[in-house]
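Asks: This is the structure I want to talk about, given as structure tokens.
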């Protein structure tokens, strides 16, 4: 009887030890699997944070061929800063092949101060169009180490009535031999050479609009007040224009329902 009891007790101990071993092994496997899953999760988080591979920089030709609303990445050199507001910057940029307009690009005030003319930046955003103006929106940027580049003004006077003029959109350009035309009338009904705002509804400090003619056709030019405020030489020069004067002008070839340059300098000829 004692032998039987001892045998049963020994058998029970063997079974208990086996169960304990299985539990320990299962715990080790769970711990290993858990560690593996945690590592996979960390790897995934790292991939998510880096956003995958960096987008390739497009040539100007590739950028122009890209569909509207598609993501684009370009490199160009700052030519002028139009505005900064609530961590967004609007910038004209150019390289030797073409020019870009970066509209409301994400930018801190500290970084905005670094965007001096000639600075090379890599910009990623979306190609868009507004009333004929092709631009990059919803963009971010980074400064690229490179020799500064400032574009010389391209004389496009003879292209004013040509369809190919749009090929120079956003570039720094010049015009020569333009005749100042009446832009509208004042409150007394007299013709005036410029208007504050396109319809004359503004006051000093708002955008300036003035008309010029060349080869019998009239064009509207603008001094964008964010780009060139009322304290700048070009703003004061346009306020001093007289109908019939012949002028030369420089600026950026902005587009709004047709050519509408943002003028940065005006000189009365002769």
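Only the coordinates and a few stated rules stand behind these numbers; no lab work does. As the structure is a computational prediction, the values presented were derived from the model and not from experiment. Quick reminder, even Gly has a Cβ in these numbers, built from the backbone with ideal geometry, and neighbours come from all protein chains shown.
Asks: Over every pair of different alpha-carbon atoms in region 60-144, take the mean of 1/r and invert it; report that Kirkwood radius in Å.
Replies: 12.6 Å
Asks: Another question, then. In nanometres, what is the gap between the two model label sites at residue 85 and residue 162, each 7 Å from Cα along Cα-to-Cβ?
Replies: Distance between the two pseudo-spin positions: 3.7 nm.
Asks: Taking N as the number of residues in region 154-268, what is its alpha-carbon radius of gyration divided by 2.2 N^0.38 Å?
Replies: 0.99
Asks: Using r as the Cβ-Cβ distance of residue 140 and residue 206, and R0 as 25 Å, what FRET efficiency do you calculate, to the nearest 0.05?
Replies: 0.20
Asks: While we're on this one: Place the peptides 156-162, 256-262 in order of packing, highest mean first, counting for every residue the other Cβ atoms within 10 Å and averaging per peptide.
Replies: In descending order of packing, they fall as 256-262, 156-162.
Asks: Label-point separation (nm) for residue 186 and residue 65, each offset 7 Å from Cα along Cα-to-Cβ?
Replies: 5.5 nm
Asks: On full extension of the chain, what length is gained from residue 257 through residue 114, given 0.36 nm per residue of separation minus the C-alpha to C-alpha distance?
Replies: Gain on stretching residue 257 to residue 114: 48.2 nm.
Asks: Measuring from label point to label point, each 7 Å out along Cα→Cβ, what is the residue 176 to residue 54 span in nm?
Replies: Here the modelled spin labels are 4.3 nm apart.
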